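J.: One structure coming up, written as structure tokens, with questions to follow.
Nothing in this text is a laboratory measurement; each read-out follows from the coordinates by a stated rule. Since the structure is predicted, the reported quantities are computational estimates derived from the model, not experimental observations. Reconstructed Cβ throughout: ideal geometry from the backbone, glycine too, with neighbour counts over all protein chains shown.
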Amino acid sequence: AAWIRFRPGKYPLTSGLVVVQSRAMAGLVAAAASPHAREAATNISVSQHCVLTAGTSSQDHQNHCGRRAEHVDCCDFAEMDACTVRKATRFSTMVSTCSTTTVDWQSGVEESGEDSDSDCDGSLAGQVWLLSQEPGGSRKVQEALEVAPSDMAREALAEELHGHVAKAMRCPHANHVLQKCIAVMRPESLQFIVDELSAREGLVVHAAKHRYACRVVQHTLSKCSASQTAGLVEALLREASFLACHAIGHHTIVQLLARGTEDQHYRLVRVIERNMRCISLSPPGAAVIHAALDSAAAQDKLWISRAVLQDSEVLLSLARRRQGNLAVVHILQTLQDREHEQACHLLVQHMEELRSFKRGRVVAGRVASASRPSA
């Protein structure tokens, strides 16, 4: 039996979407594509049928036509062919539609290809958001932002992204356009990003946990002034204990610890101190503890160190992990007298275990060197 099989993904659009696996059906498809040729297609099918079945027995005729009737009448083929033509018409219509779409698409690509070189140096007005969502278009917009002759020209390009920030920062291509805007534009020109991140409650927190949007959040906090981002930071601080334990969100907390204001840093240290066990035992928690100790004031370091010392499991967990071992070294340098001895004694009890870990050997060596003078 003649049939048509779709092969999605097998061939590019330019090579066609339908594979016709029968010469007879191919002829019917081609004929049925034109309403004026249906009668001719029927006549072709009739003549083919008559030639194939001429001089054959009833049994052979049944085998050829696939009929199971006791008496086969050759006039029955007309009904069969009419059905075949109807099916072929449906497929031909589909082929015609796909072919038209393909031709339109190809012509669009050719037209865009012809103008691509000129657009790189010309205006992208009206196309910025559309292009930003595609790999090649994203690079094109980024280049235009970088080579724009003035801040006003960059702002004119970025204006087309207004209202699309929430979607753009989650797009694998458009997020790079936003990052380029942040890199080359003035902080006051980036207010539209801050406003759209603040427009919906919880949006900035969700963005900080997204693998693409987190970059936009971090670069915005880094580039814009503290007064501009105060609302964003406040929303992040309310969820600081949760973000500190998140595989992606903890990077934003680390940035706030490194670049936040004195008040923001103080509040973050209090959050870490109160949630020490939960944060430090989470996979990314060691990086947060290390960042807090690395950038904290002397008094803040002491509070964090004492919070770690209160839970032996927390201390040992940090000592075995990447960045956690550096946090433990900070703790040993911060604690004094009896508290320092208590921390060293706890680590000495688990010296063999620490030496079995690559990161733990750093702590074991520091503890061994600290205990030699007393020996």
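J.: Give me the number: length gained by fully extending Ala226 to Arg211, i.e. 0.36 nm times residue separation minus the C-alpha to C-alpha distance, one decimal in nm.
T.: Working it through step by step, the gained length comes to 3.0 nm.
J.: Between Ser198 and His345, with labels modelled 7 Å along Cα→Cβ, what's the label distance in nm to one decimal, could you check?
T.: 5.3 nm
J.: Same structure, new question: Could you calculate the contour length gain from Arg139 to Lys358, that is, 0.36 nm times the residue separation minus the distance between their Cα atoms, to one decimal place in nm? Each step should come with its number before you reach the end.
T.: Working: separation 219, 0.36 × 219 = 78.84 nm, distance 4.16 nm.
Taking 0.36 nm per residue and subtracting the Cα distance, the gain is 74.7 nm.
J.: With only Lys, Arg, Asp and Glu charged, each at its Cβ (+1 for the first two, -1 for the last two), find how big the charge dipole of region 211-348 is about the Cα centre; round to the nearest 20 debye.
T.: 480 debye
J.: In this model, which of Lys180/Lys301; Lys167/Lys209; Lys223/Lys301; Lys140/Lys223; Lys140/Lys209 are farther than 25 Å apart at the alpha-carbon?
T.: The pairs that break the limit, which is 25 Å between Cα atoms, are Lys180/Lys301; Lys223/Lys301; Lys140/Lys209.
J.: How far apart, in nm, are two points set 7 Å out from the Cα along the Cα-to-Cβ line at Gln191 and at Thr261?
T.: Modelled inter-label distance: 1.8 nm.
J.: Another question, if that's okay. Calculate the FRET efficiency for Asp151 and Ser241 from the Cβ-Cβ distance with a Förster distance of 35 Å, rounded to the nearest 0.05. Write down the numbers at each step before the final one.
T.: On the way: r = 40 Å, r/R0 = 1.13.
My answer for the efficiency is 0.30.
J.: Run the numbers on region 222-375 and let me know its relative contact order in percent, using alpha-carbon pairs under 8 Å that are six or more apart.
T.: 17 percent
J.: Could you check the spin-label model distance between Arg306 and Gln336? Points 7 Å from the Cα along Cα→Cβ, value in nm.
T.: Going from the Arg306 label point to the Gln336 one covers 1.3 nm.
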